[in-house]
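Colleague: The structure's right below; bear with me while I get my questions together.
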Amino acid sequence: MITSDRMAQVDENAEGLGVPRKQLMESSGHAVARVVREVADPGDRVVVVAGRGNNGGDAFVTVRFLDEFEVTTLLLGRADAITTDIARENWDALQQAEYDTREVRDSTAVSLPDADVVVDSMLGTGVTGALREPEATAAGAINDADATVVAVDVPSGVDADTGEAAGAAVDADHVVTFHDMKPGLADVDAAVTVADIGIPDAAETFVGPGDLRVLSRDPMAHKGDFGEVLVIGGGPYTGAPALSAQAAMRAGADLVRVACPASVADTVQGYEEGLIVRGFAGELLRPSHVDQLLDAAVDADCVLMGPGLGRAEGTLTAVGEFLAEYDGRAVVDADALRAIPSAGTDADLLCTPHQGELVAMGGQTDDDWETRADLVADFAADLEQTLLVKGAYDVVTDGETTRVNRTGNPGMTVGGTGDVLAGICVALMSTHDPVTAGSVAAYVNGLAGDAVVAEQGYGIFASDLLSEIPHAMWGGRDV
């Protein structure tokens, strides 16, 4: 099954793979026409009740495949208010071919011609809540008609994810849904056809531009809605926690705190004024610091543990003790990954090893990315945690859902790019589930690296990625 939000992402990913939405609409309309032909008798009267979005556009295509029937198309609203270019193109095609089309501009004027079959294409999977006018009146008219009702993707008024209706809804006899079953259709008393419309499996497997839809923000949002994070790192290395913390800020976290040894706190603070840096005594993370870190983590929506900590025995012991007591969300990176196999924790983890670190953790790898993805998924299931295994093909999996990212380039083998990725991960995991956070973070990190290398070639600094992160996440999108 696939939710309405995920379906919208997959549609956009398919377009990113070179499968135009217009082509998908053509396939969708043809699929609906096949079902109409199955339920209709020769010469039957068919009435199409269409909305102004892509759901209506699917039905405009359907009309062109039903020339053996007497077809009337009712557009709910003005034609100049059709909301997408491809739906408008298919409406215009009906005008040019002189099909029987009518605009319904007033809910009081919704009157269905006599029909043997009615096609409900008013609203699709992306619309929730009670039907408004003229759709509400049209739904009543459809339900009152003595006709077989075929709904496009989901009966109008029914929530595609829950199967619930907030008010009036179309009572369909048949539903033609696309690509995969929608969860809410399980509760609809209708025959459901799942039509393959040519969306490649890669649109679900590979992270793509559609996945960035999760980054949209409510214009009424306020401070704190997009996460407070805590980065625990530093000691032997100061650049790593600074890169991670700055990346978390660039990736949209509202507040970023850094806990690091007091010996490097001033250095870390010097990278960015907006960081809140708190030092703990000494030069390395030790078990004696765990209680202090647990107190600091109380206010964090997600913790990043690892960048720059080093692998001193006491440090890894402290990592294990922290995770044993911590039950929130955490990203674990770099040397801290060595503590994972023996760490018992109730925390929800996103672990971000490269392939060498994966093997050190007890996992397996392979040169073939598909084989590697299966091996990583099995290891994630054994750990009962989520893994983001870095490589030319990044693999993100919790053992059940597996995503693969292909952005990035050989210039990103430079040290520090993993710290940037971990920072993006912690920002996103403060507001999203681990698979989504890891998938989008890998995609964004790779896009940022691609932009830098396209501008200046190889031989980059990891810090060069920081300024590209916001553009990779939100540039050119309706945010």
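Colleague: May I ask you to compute the full-extension gain from TRP474 to TYR458, defined as 0.36 nm times their residue separation minus their alpha-carbon distance, rounded to one decimal in nm?
Modeller: Computed gain between TRP474 and TYR458 is 3.3 nm.
Colleague: Quote the FRET efficiency, to the nearest 0.05, computed for ASP80 versus ALA186 with a Förster distance R0 of 41 Å and r equal to the Cβ-Cβ distance.
Modeller: E(calc), rounded to 0.05, equals 0.60.
Colleague: In percent, how large is the relative contact order of the range 115-246, given Cα pairs closer than 8 Å and 6 or more residues apart?
Modeller: 18
Colleague: DSSP beta bridges in the range 7-138, what fraction antiparallel, as a percent rounded to 5? Display every interim value, and only then the final one.
Modeller: Values: 0 of 16 bridges.
Taking every DSSP beta bridge within the range 7-138, about 0 percent pair in antiparallel fashion.
Colleague: Where Lys and Arg each count +1 and Asp and Glu each count -1, what net charge lies around ASP153 among other residues with Cβ under 9 Å from its Cβ?
Modeller: With Lys, Arg at +1 and Asp, Glu at -1, the net is 0.
Colleague: In Å², what does the accessible area per residue of the range 1-119 work out to with a 1.4 Å probe? If you can, show how the numbers build up before the last one.
Modeller: On the way: 5300 Å² over 119 residues.
Dividing the accessible area of the range 1-119 by its residue count gives 45 Å².
Colleague: What is the angle, in °, between the Cα long axis of helix 135-144 and the longest principal axis of the Cα atoms in the chain? Nearest 10 is fine, range 0 to 90.
Modeller: For 135-144 against the chain, the angle is about 50 degrees.
Colleague: With viscosity set to 1.306 mPa s at 10 °C, what whole-number translational diffusion coefficient in µm²/s follows for the range 244-331 from Stokes-Einstein and a Kirkwood radius over Cα pairs?
Modeller: Value of D from the Cα-based Kirkwood radius: 119 µm²/s.
Colleague: If you don't mind, there's one more thing I want to ask. I want the antiparallel fraction of DSSP beta bridges within the chain, as a percent rounded to 5.
Modeller: Values: 8 of 61 bridges.
Beta bridges within the chain, antiparallel portion: roughly 15 percent.
Colleague: Rounded to two decimals, what ratio of Rg to Rh does the range 138-235 give with C-alpha atoms and a Kirkwood Rh?
Modeller: Over the Cα atoms of the range 138-235, Rg/Rh equals 1.18.
Colleague: Among 136-145, 48-57, what's the highest-first ranking by average C-beta atoms within 10 angstrom per residue?
Modeller: 48-57, 136-145
Colleague: Same structure again: Report the gain in length on full extension from GLU89 to ARG406: 0.36 nm times residue separation, minus Cα-Cα distance, nm rounded to one decimal.
Modeller: 110.8 nm
Colleague: Give the relative contact order (percent, whole number) for the range 1-149; include only Cα pairs under 8 Å separated by 6+ residues.
Modeller: Values: 232 pairs, mean separation 38.7, N = 149.
26 percent.
Colleague: Which FRET efficiency value, to the nearest 0.05, is calculated for LYS22 and VAL298 with the Förster distance at 45 angstrom and r the Cβ-Cβ distance? Kindly include the intermediate steps, with their values, before the conclusion.
Modeller: Details: r = 51 Å, r/R0 = 1.14.
It comes out at approximately 0.30.
Colleague: Which percent of the accessible area of the range 1-124 is formed by carbon and sulfur heavy atoms (probe 1.4 angstrom)?
Modeller: Percent of accessible area from carbon and sulfur atoms in the range 1-124: 42.
Colleague: Give, in whole angstrom and from largest to smallest, the semi-axes √(5λ) of the equivalent ellipsoid of the range 1-83, with λ running over the eigenvalues of the Cα gyration tensor.
Modeller: Details: eigenvalues 129, 52, 25 Å².
Ellipsoid half-lengths, sorted descending, are 25, 16, 11 Å.
Colleague: Give the cross-link partners of LYS22 among the aspartates and glutamates, using a straight C-alpha distance below 17 Å as the criterion and excluding same-chain residues fewer than 8 apart.
Modeller: Hits, sequence-local ones excluded: ASP11, GLU12, ASP58, ASP85, GLU89, ASP92, ASP153, ASP196.
Colleague: How high is the relative contact order of the chain, in percent, with contacts defined as C-alpha pairs under 8 Å that are six or more residues apart?
Modeller: It rounds to 11 percent for the chain.
Colleague: Any idea what Rg and Dmax come out to for the range 314-462 if you just take the C-alpha atoms, in Å?
Modeller: That works out to 14.8, 45 Å for Rg and Dmax.
Colleague: Moving on to the next point. At 1.4 Å probe radius, can you tell me the per residue accessible area of the range 426-467 in Å²?
Modeller: That works out to 34 Å² for each residue.
Colleague: Nearest 10 degrees, 0 to 90: what angle lies between the long axis of helix 369-383 and the longest principal axis of the chain (Cα atoms)?
Modeller: Relative to the chain, helix 369-383 is tipped by roughly 70 degrees.
Colleague: Could you please state, rounded to a whole Å, how far the C-alpha centre of the range 380-452 is from the C-alpha centre of the range 314-375?
Modeller: With the range 380-452 and the range 314-375 each reduced to a Cα centre, they are spaced 14 Å.
Colleague: For the chain, take the longest principal axis of its alpha carbons; what is the angle in degrees between that and the long axis of helix 313-325, to the nearest 10 within 0 to 90?
Modeller: 40
Colleague: Determine the shape class of the range 78-141: with a ≥ b ≥ c the square roots of the Cα gyration tensor eigenvalues, call it rounded for a/c under 1.5, and otherwise prolate if a/b is greater than b/c, oblate otherwise.
Modeller: Oblate, since a/c reaches 1.5 and b/c is not below a/b.
Colleague: For the chain, what is the Kirkwood estimate of the hydrodynamic radius, computed as the reciprocal of the mean inverse distance between distinct Cα atoms, to one decimal in Å?
Modeller: Values: mean 1/r = 0.0407 Å⁻¹.
Computed over the chain, the radius equals 24.5 Å.
The values are calculated or read from the model by the stated rules, or taken from the named source; none is laboratory data. Since we're looking at a predicted model, the values are computed, not measured. No Cβ is skipped: glycine too gets one built from the backbone with ideal geometry, and neighbour counts run over all protein chains shown. Quick note on the areas: whole protein, heavy atoms, side chains included, nothing else; ligands and nucleic acids left out. Shrake-Rupley method; radii C 1.70, N 1.55, O 1.52, S 1.80 Å.
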